[in-house]
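Working notes, beginning with the structure itself.
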Amino acid sequence: MKKHKGAERVSEKTASKRGEKSCADMGAKKSDKLLAELRKKRETAAERARKAAQKLQRKTERDRLERERRAVRAATAERKRREREEINAEKQRLADIRFEQKQKLAAAKAERRKAVYARIRKATGNISAGFDGGELGVVPRVELCISGDAASVAAGLMRGDIPFTDLKRAGGDTFLKIGKKDLRKAIAILNEMCYNYRISATYGLKRSLAFGVSRIGLLLGLAASVAALHIVYGYVWRVEIVGNDRLSVAAIESSLATVGLKPGCSKRKLSELAAVTALGEMEGVADASCEVIGTTAYVRVLEADDYTRRDTYTSARAEFDAKVTRLVVRSGSPLVTRGDVVKRDDLLASGEVFDTAGELLYTERCDVDVYGEVSLTFSAELSPTAVEYRPTGEVEKRTVFTLFGLDMGGAESPFPSYEMRSHTAHYDVLLPLYVTTYEYRETAPVTVTYDPDELAKSFAEDKLEELDFVGEFEYSYTVTQGAAGLYSVHLFVTGETLISRGV
């Protein structure tokens, strides 16, 4: 038994040593595992820190580049502004110089004219102021318009002993009056001096009689004009319609024509009450008024708040590839349901009504709004530079008079490139007279540079506004630089929008 107990103790010691060794091994493995995990965490933290540092460095670099681009744009804009100011200052300086030169030249010409007129007055001081009976218009005489110097003309006529009166200078020509008997002699002198001339007026007994007859014609014409004016004033020559935002002018004019109110109608046969009644019977009109002032009928329309103009269609087709989300049926028969997938140009609804045998009975108005979820892609090539036309400051005005549909006056622009504004004033109390003033502002082409990202964003906003999404939608776009200085824009949009179009 003792020997057995000793063996047991030896065995227990051996087992204890083995257990201690096993625990030591397990502790070493756990330490190694912990060290490995700690090392991995440190490496992960270091990698994250490195990536964060790289991301921060890239963001810093982008911010630096953006600041540099902004600084370059600001410097370019400032440089261009200074250049424009310098150019404008130089133009103003040259304009001032030209103005001073014109003033000096005009002053010199005025002095020379004064000296010439002084010599003429001195030379012709002893000539009679008129002819015998000249004030009564009995003695025949003529008025000559001569393209020549007044002093030279006066000297030539005085050398030929030809009396003249009323010598004056106007518009670069010399005007004077001579007796009709001296006309041939004066023409010979002017031909010898190589001066162009023409007879601008004649005076004498025949002329006086013709003058009196012309006054009788004027009185007769005035009487005829007053009679014609009285007749014209009895008609309506223009119908002015205001207040219609949704109703068409053609529909209102058609309704007024049924009661006789149209341009050219007689005011005596016109009933303003009938015109108001006809307008009140129109769909979408809450109230109306009609008043004739002068030769114009003023029609004012008050539209109903709940009026919505709808066009008439026989069917509705899909405008995009989409998945149908909802339908709004006012009239007609829908051919799709919610959840259907449709292709572009698929038939969505129809106004055709059939009998039980499949025969077409009639076609009613198809008024259906079909909404669907669409996913669309748009691409475009955009140029970062464009030519804009900007005002130069030069302004010209033109006036056109319109009477009975006839235009008097020219409205052509004096500039090859321009912006135009017009204003029309109505003076139609007695006559249908319109005065239109056109204001032309000259423009010049200027090359402008845009940011490609701003161009792409503007392109995306225009497409989104065109699609008119309802509810939430998503979109994204990319910009890449292409050839010839262009940028390619690719836009992807998804959302719910109206996909039906009337046919």
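The values are calculated or read from the model by the stated rules, or taken from the named source; none is laboratory data. Nothing here was measured: the structure is a model prediction, and the numbers come from that model. No Cβ is skipped: glycine too gets one built from the backbone with ideal geometry, and neighbour counts run over all protein chains shown. What goes into the accessible areas is simple: the full protein's heavy atoms, side chains included, and nothing from ligands, DNA or RNA. Shrake-Rupley method; radii C 1.70, N 1.55, O 1.52, S 1.80 Å.
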Could you give every pair whose Cβ atoms fall below 8 Å, whose first residue belongs to segment 389-418 and is without any contact (Cβ under 8 Å) to a residue 24 or more places away in the chain, and whose second residue is of a type in the set (Lys, Arg), counting only separations of at least 6 or pairs across chains?
409/398; 410/398; 412/398
Residue hits (segment 470-486; within 30 Å of residue 348 (Cβ to Cβ) and modelled with pLDDT of 85 or more) are 473, 474, 475, 476, 477
Please work out which residue is least open to solvent (accessible area, probe 1.4 Å), limiting yourself to segment 139-174 and to residues that are among the hydroxyl-bearing types (Ser, Thr, Tyr) and within 53 Å of the chain's Cα centre (by Cα).
174
Among the candidates 472, 439, 465, 454, single out the residue that is in a helix (DSSP H, G or I), more than 26 Å from residue 73 (Cα to Cα) and not hydroxyl-bearing (Ser, Thr, Tyr).
465
Does segment 366-380 contain any residue that is closer than 30 Å to residue 288 by Cα, in contact (Cβ under 8 Å) with a residue 12 or more places away in the chain, of a type outside the set (Asp, Glu) and assigned to a strand (DSSP E or B)?
no
Which of (1) surrounded by 13 or more Cβ atoms within 10 Å (Cβ to Cβ); (2) assigned to a strand (DSSP E or B) does residue 445 not meet, given it meets every other one?
(1)
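When you scan segment 399-420, how many residues do you find that are of a type in the set (Phe, Trp, Tyr) and under 27 Å from residue 237 (Cα atoms)? Don't jump to the end; show me each part of the working.
Of segment 399-420, the ones of a type in the set (Phe, Trp, Tyr) are 401, 404, 415, 418.
From what is left, the residues that are under 27 Å from residue 237 (Cα atoms) are 401, 404.
Of the residues in that region, 2 qualify.
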Please name all residue pairs, on different chains or six or more residues apart, with Cβ atoms under 9 Å, provided the first residue is in segment 61-78 and is more than 17 Å from residue 447 (Cα to Cα) and the second residue is modelled with pLDDT under 90.
69/451
Could you figure out which of (1) of a type in the set (A, V, I, L, M); (2) modelled with pLDDT of 85 or more; (3) crowded, with 16+ Cβ neighbours inside 10 Å isn't true of residue 467?
(2)
For segment 270-297, what are the residues that are assigned to a strand (DSSP E or B) and open to solvent by 50 Å² or more (accessible area, probe 1.4 Å)?
286, 287, 291, 293
Criterion violated by residue 489 - all others in (1) modelled with pLDDT of 85 or more; (2) open to solvent by 70 Å² or more (accessible area, probe 1.4 Å); (3) more than 30 Å from residue 407 (Cβ to Cβ); (4) assigned to a strand (DSSP E or B) satisfied:
(2)
Going by what's in this entry, would residue 421 be described as farther than 26 Å from residue 321 by Cβ and either free of Cβ contacts under 8 Å to residues at least 40 places away in the same chain or surrounded by fewer than 11 Cβ atoms within 10 Å (Cβ to Cβ) (or both)?
yes
Enumeration of residues in segment 402-415 that are at pLDDT 85 or above and open to solvent by 70 Å² or more (accessible area, probe 1.4 Å):
none
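Kindly establish whether residue 306 is among the acidic types (Asp, Glu), open to solvent by 70 Å² or more (accessible area, probe 1.4 Å) and either within 30 Å of residue 494 (Cβ to Cβ) or modelled with pLDDT under 85 (or both). If you could, list the steps in order and put the result at the bottom.
Working: among the acidic types (Asp, Glu): yes; open to solvent by 70 Å² or more (accessible area, probe 1.4 Å): yes; either within 30 Å of residue 494 (Cβ to Cβ) or modelled with pLDDT under 85 (or both): yes.
The answer is yes for residue 306.
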Long-range neighbours under 8 Å by Cβ, at least six apart or interchain, first residue more than 18 Å from residue 503 (Cβ to Cβ) within segment 321-349, second surrounded by 14 or more Cβ atoms within 10 Å (Cβ to Cβ) and of a type in the set (Lys, Arg):
339/323; 340/323; 341/323
Quick check: anything in segment 383-390 in a strand (DSSP E or B), modelled with pLDDT of 85 or more and touching a Lys or Arg at 6+ places or on another chain (Cβ under 9 Å)?
no
Segment 352-365, subset in a strand (DSSP E or B) and not aliphatic (A, V, I, L, M), residue modelled with the lowest pLDDT
354
Pairs, please: C-beta under 7 Å, at least 6 apart or cross-chain, first residue within 17 Å of residue 450 (Cα to Cα) and in segment 478-503, second among the charged types (D, E, K, R) and not in a strand (DSSP E or B)?
479/453
Yes or no: segment 332-351 includes at least one residue that is in a loop (DSSP other than H, G, I, E, B), at pLDDT 85 or above, surrounded by 13 or more Cβ atoms within 10 Å (Cβ to Cβ) and in contact with a helix residue (DSSP H, G or I) (Cβ under 7 Å, 6 or more places away or on another chain).
no
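State whether the residues of segment 262-269 include one that is open to solvent by less than 30 Å² (accessible area, probe 1.4 Å) and modelled with pLDDT of 85 or more. Full working, then the answer.
Taking segment 262-269 and keeping what is open to solvent by less than 30 Å² (accessible area, probe 1.4 Å), we get 265-266.
If we keep only those that are modelled with pLDDT of 85 or more as well, we get 265-266.
Scanning segment 262-269, I find at least one residue that is open to solvent by less than 30 Å² (accessible area, probe 1.4 Å) and modelled with pLDDT of 85 or more, so the answer is yes.
If we keep just the residues of segment 470-485 that are of a type in the set (A, V, I, L, M) and surrounded by fewer than 15 Cβ atoms within 10 Å (Cβ to Cβ), which is farthest from the chain's Cα centre (by Cα)? Break it down stepwise before answering.
Here is the first cut: in segment 470-485, the ones of a type in the set (A, V, I, L, M) are 470, 479, 483-484.
Among the residues that remain, those that are also surrounded by fewer than 15 Cβ atoms within 10 Å (Cβ to Cβ) are: 470, 483-484.
Values: 470: 30, 483: 33, 484: 31 Å.
Among residues in segment 470-485 that are of a type in the set (A, V, I, L, M) and surrounded by fewer than 15 Cβ atoms within 10 Å (Cβ to Cβ), the one farthest from the chain's Cα centre (by Cα) is 483.
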